[in-house]
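The values are calculated or read from the model by the stated rules, or taken from the named source; none is laboratory data. Because the structure is a prediction, the values reported are computed rather than measured. Neighbour counts run over all protein chains shown; Cβ positions are idealised from the backbone, glycine included. Just so you know, the surface numbers come from the protein's heavy atoms only, side chains and all, with ligands and any DNA or RNA stripped out. Shrake-Rupley method; radii C 1.70, N 1.55, O 1.52, S 1.80 Å.
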Amino acid sequence: MRIKIHYAWVMVFVTFLTLLAVQGVRLSFGAFVQPWEEEFSMDRGTISLISTLSFIIYGLSQPIIGKLVDKWGARIILSLSTFLVGISIFLTSFVTQPWQLFFLYGILVSLGVGGASNVAATVIVTNWFNEKRGLALGLMEAGFGAGQMLLVPGSLLLIHWFNWEVTVIILGLFLTLIILPVMLLFLRNNPQEKGLLPIGGNSKVEYRGEQKDMGEDISIWKVFRQKEFWFLILPFGICGFTTTGLMDTHLIPYSHDHGFSTNVTSAAVSVLAGFNIVGILLSGIVADCWSSKKMLFYLYVMRALSFCILLYSHNPTLLLIFAILFGLVDFATVAPTQLLATQYFKDYSVGFILGWLFLSHQIGSSLGAYLPGLVYSHVGSYNISFYFSILVLITASILSGLLPETYKKMKAQATDEIDV
């Protein structure tokens, strides 16, 4: 018997693959910190500034990307952005001066990464799913964890076997010759392009594929006055500070500073990424059947606990325990945050709202990349940064707990629709 698979799941796989490749390249930045320090005679603070510039450019692009996605469609934005990242990362192999690295990686790569991000991918998933959306978002988001698991240790090993120049050439060719053709062949903006309905059919409540113009019936300033906006956006900024900012930039050099070998560091990163995938998938499944705001509360608490373990990880066993716990909660916050955003602001442009949400995440990431590097340059330790991270994560958990509950309301609406 042939099993017919809805094309929506193909969209999940293609967006997963896109995020794996593009965001995996971005998450590999930590692997290049020490090689670039030696190659260009830059200190840790200056190297961190490249990452900070990258996060700023990435973050500022998000609201703009959201509007471009609404105007041109996510397929065009994702494809052009992937091409830009591939070409730019390839060209870094020819860099001879630090300013060229700032320009190619800090600006061009970051613009491409900003386009091939959660904003465009989430819009596609939202278009194709009116049911099982939490699961679909979790599967899509797992691309981050898979990229982290494959490309970060892969980059470390390639640098160890060859050099950083060969590594960026391989990454650039991977994006332009393998990932981009797959996207062009299979990616579609919405079910109508394939003559299909989204999974779950056309919902009376959810997003229908057409968004209201922000300048028409509802002012964006009304969004800024809602506590839901700020209680989502502030914790998500803290999320960025403690994950893609602090951990993805400084975990590898922190591990090396503690005397761990390349093999131990690669193993820890791989374990973290593997459990990251597990955490992402579980968060998507749980978000469909439990309170997203309660999920966020517990996820931020668990992340703070993992930082406590990291502070005392002076042997490989503790480092791996940290990797497991942090991996489970690393990107697991994204699916419930996205789901809450689409529920709180379903009458607005999904791309635009998500753009602001991920702008906050990248502002946090930029601070998380630069400030710990700056502190390290002055005191020679990351401990202050970790203690500060524990404090702000507790704040994020409190703000998440104060969000209005949506799960019971959405469940009641679904029951009413079934009764009708």
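With a 1.4 Å probe and all protein chains left in place, how much of the accessible area of the chain comes from carbon and sulfur atoms, in whole percent? Answer for the chain is 68 percent, counting heavy atoms of protein chains only. A 1.4 Å probe, protein heavy atoms only, puts the accessible area of ASP288 near 70 Å². Return the single residue from PHE174, PHE29, PHE90 with maximal mean-square fluctuation; model: Gaussian network over the chain, springs between Cα atoms under 10 Å. In the Gaussian network model the winner is PHE174. When the pairs LYS4/LYS227; LYS4/LYS294; LYS194/LYS293; LYS71/LYS294; LYS194/LYS222; LYS71/LYS227 are compared against a 32 Å limit on Cα-Cα distance, LYS4/LYS227; LYS4/LYS294; LYS194/LYS293; LYS71/LYS294; LYS194/LYS222 fall above it.
Here's the picture: charge each Lys and Arg Cβ at +1 and each Asp and Glu Cβ at -1 in the chain, and of ALA31, PRO316, PHE174 the one pushed furthest to the positive end of that dipole is PHE174. Expressed as an acute angle from 0 to 90° and rounded to the nearest 10, what is the orientation of the C-alpha long axis of helix 118-128 relative to the principal long axis of the chain? Helix 118-128 and the main axis of the chain meet at about 30 degrees.
Taking each residue as 0.36 nm, the span from SER261 to HIS378 lengthens on full extension beyond its C-alpha to C-alpha distance by 39.6 nm.
For the chain, the solvent-accessible area of protein heavy atoms averages 41 Å² per residue (probe radius 1.4 Å; ligands and nucleic acids excluded).
Between LEU196 and GLU37, the modelled labels are 4.8 nm apart [label points 7 Å from Cα along Cα→Cβ]. Here segment 1-77 is assigned +1 on the Cβ of each Lys and Arg and -1 on the Cβ of each Asp and Glu. Its dipole about the Cα centre then comes out at about 740 debye. Express in whole angstrom the spacing between the alpha-carbon centres of segment 45-111 and segment 147-167. What the calculation gives is 20 Å, centre to centre.
Rounded to the nearest whole Å³, what is the per residue volume of the convex hull around the Cα atoms of the chain?
Working: hull volume 60.5 nm³, N = 420.
Per residue, the Cα convex hull of the chain comes to 144 Å³.
The slack between GLU405 and LEU150, meaning 0.36 nm per residue of separation minus the straight C-alpha distance, is 88.1 nm.
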